[in-house]
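The values are calculated or read from the model by the stated rules, or taken from the named source; none is laboratory data. What you see is a predicted model, and the numbers here were worked out from it, not measured in a lab. Counting neighbours? That spans all protein chains shown, and the Cβs are built from the backbone with ideal geometry, glycine included. Surface areas here come from the heavy atoms of the whole protein model, side chains and all, with no ligands, DNA or RNA. Shrake-Rupley method; radii C 1.70, N 1.55, O 1.52, S 1.80 Å.
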Protein chains: 2
Amino acid sequence: MNREKIKEQLSEHFSAWEELTETEQEDLLANSQLVEYKKGVNVHGGDTTCAGLIFILDGSLRTYMLSEEGREITLYRLRHGDICILSASCVLSTITFEVHIDAEEDTKALLVSSSHFSDLFEANKNIQCFSYKLATERFSDVMWAMQQILFMSMDKRLAIFLWDEIASQSAQEKPKLHYTHEQIAKYTGSAREVISRMLKYFSDEGIVTVSRGDITIINKPKLRSIIA
Amino acid sequence: MNREKIKEQLSEHFSAWEELTETEQEDLLANSQLVEYKKGVNVHGGDTTCAGLIFILDGSLRTYMLSEEGREITLYRLRHGDICILSASCVLSTITFEVHIDAEEDTKALLVSSSHFSDLFEANKNIQCFSYKLATERFSDVMWAMQQILFMSMDKRLAIFLWDEIASQSAQEKPKLHYTHEQIAKYTGSAREVISRMLKYFSDEGIVTVSRGDITIINKPKLRSIIA
């Protein structure tokens, strides 16, 4: 991707871009690099701390919390045009927690080094404002995920239901169930919308695939891990 | 509390205060009112939406999520000198979730109306920046709470709760707390039976003694060791 194309992308997706001076724009480009994260690679957290500000050009990054025992909780996903700020959380003094970020697909991005971003952040009030605002968007994403996960612990209830149902098909690697969301809601004491949303979540997590009236379990160990 | 005293408080705890023009300061005071929330009163969420920006002068506000079945998850508490921004979340377009805020004690506060705060927010970039930054502090608080709730075993959560609660009584060798198991369950996002069982365990371990409505911490180092 050439320089002009990158500038175009920044201008389109980075709302603070136009508020930078021409020198600041040039400096930012000079301190950025095009990177490619292979699917499954850890981008931030774990061994890599504070990678920098990441402009996603293509692919998908998944942000999650990790317990000491290795349990993961997906918080949100970012895709083309999104900017990942928590990979530069060391620059924002008010962000005192750590998350993990993995490439969920092969991902191309523009990475602004933390050290340069830090300098720019200190020098430019607009960038500060932009960064905090962006972080509050992620706050909203996280709260949405928490609503899903915490209440009813519906993920667990649904997982238990599915697990029990496939018990009779234990020989099959990818067992298939024939239920409407309405039926599952009835059996688990929930609401249809909740089941649909939760199946969507399971689907995003690669646990099931859902097609009209069919639910196929594609990752049994992962389904099991939710119950445990 | 007189006007000068209020200005003093604002100057001390409201970091954007000095960045307001004199007119903006006067307007803010003119559009504020001293309020008193009785213990247990709902301040925001439920019937009251977007109360406004709340400067806590005395007392304590508890922010929590509420499930459809009425289960509460405490996210954080704010006290004297803190500013509550989520009670003015309607002003911040990036905050798309709802929380509930209750007075946990009799609480005195200065309330800036949402409509005035909204005008100021639109007119003054410093206030925007301040507000987003403040919201990211709450983001950190929430992530901390989530770590507790999602990943920690209940003994650790209960120990942290007790430890935080006795912090104000640090001089006492055997601090005493007045909570029902039901209340603790509510504050820690657990169930009453779980708390009762866990307190029994703590009691057996010689960490606390439990009598009707009273929990006395008799071995602080041991309580501390559960958290570490």
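Computed quantities for the displayed model
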| read-out | value |
| --- | --- |
| Cross-chain or 6+ apart pairs with Cβ under 6 Å, the stretch A:204-228 first and part of a loop (DSSP other than H, G, I, E, B), then at pLDDT 90 or above and exposed (fewer than 13 other Cβ atoms within 10 Å of the Cβ) | A:ASN219/A:GLY206 |
| Within the stretch B:185-215, tally of residues that are within 24 Å of the chain's Cα centre (by Cα) and farther than 22 Å from B:GLN147 by Cβ | 4 |
| Every residue from the stretch B:126-140 that is under 15 Å from B:LEU53 (Cβ atoms), under 21 Å from the mean Cα position of the chain (by Cα) and open to solvent by less than 40 Å² (accessible area, probe 1.4 Å) | B:PHE130, B:SER131, B:TYR132, B:LEU134, B:ALA135, B:ARG138 |
| Hits in the stretch B:164-183 - residues which are among the hydrophobic types (A, V, I, L, M, F, W, C), open to solvent by 50 Å² or more (accessible area, probe 1.4 Å) and at pLDDT 80 or above | B:ALA167 |
| Failed criterion for A:MET143 (all others in (1) touching a Phe, Trp or Tyr at 6+ places or on another chain (Cβ under 6 Å); (2) open to solvent by 10 Å² or more (accessible area, probe 1.4 Å) hold) | (2) |
| Residue ID - farthest from the other protein chains (Cβ to nearest Cβ), chosen from residues in the stretch B:137-161 that are of a type in the set (S, T, N, Q) and either assigned to a helix (DSSP H, G or I) or within 23 Å of B:THR96 (Cα to Cα) (or both) | B:GLN148 |
| Set A:LEU111, A:LEU86: member being open to solvent by less than 10 Å² (accessible area, probe 1.4 Å) and not small (Gly, Ala, Ser) | A:LEU86 |
| Test: residue in the stretch B:114-125 that is more than 13 Å from chain A (Cβ to nearest Cβ), surrounded by 21 or more Cβ atoms within 10 Å (Cβ to Cβ) and closer than 24 Å to B:VAL35 by Cβ | yes |
| Which numbered condition B:SER153 misses (of (1) open to solvent by 40 Å² or more (accessible area, probe 1.4 Å); (2) within 30 Å of A:MET146 (Cα to Cα); (3) without any contact (Cβ under 8 Å) to a residue 60 or more places away in the chain; (4) touching a helix residue (DSSP H, G or I) at 6+ places or on another chain (Cβ under 9 Å)) | (4) |
| Residue list for the stretch A:68-85, filter: touching a strand residue (DSSP E or B) at 6+ places or on another chain (Cβ under 8 Å) and at the interface with chain B (Cβ under 10 Å from one of its Cβ atoms) | A:ILE73, A:LEU75, A:ILE85 |
| Search result, residues across the stretch B:184-223 that are at pLDDT 85 or above, of a type in the set (Ser, Thr, Tyr) and more than 23 Å from B:GLU72 (Cβ to Cβ) | B:SER203, B:THR209, B:SER211, B:THR216 |
